[in-house]
Amino acid sequence: MTKIKKRFVAGAKCPKCGAKDSILLFKENNIETIECTECDYREQQTDIEVPKKSTGNMIGVFKPE
């Protein structure tokens, strides 16, 4: 079993429950995933979907190691 490295996203607010500093970011099966520690919100995003979802000026895409 491989341990998944999860990181909190400072200042992030959950889109479902609105809790601040409760979002974890990690890669699961090579797919970026965010998860709220306060509710059951979970969202996955592949690298292909990143440019489609971004709006405005994009400086870069965060890719955890």
Criterion first (at pLDDT below 80 and closer than 16 Å to Ala12 by Cβ) does Lys63 satisfy it? no
When you scan the stretch 25-45, do you find a residue that is modelled with pLDDT under 85 and open to solvent by 100 Å² or more (accessible area, probe 1.4 Å), even just one? yes
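The values are calculated or read from the model by the stated rules, or taken from the named source; none is laboratory data. Source: prediction; values computed, not measured. Note: ideal-geometry Cβ built from the backbone for every residue, glycine included; neighbour counts use all protein chains shown. Each accessible area value is taken on the protein alone, full model and side chains, heavy atoms only, with ligands, DNA and RNA left out. Shrake-Rupley method; radii C 1.70, N 1.55, O 1.52, S 1.80 Å.
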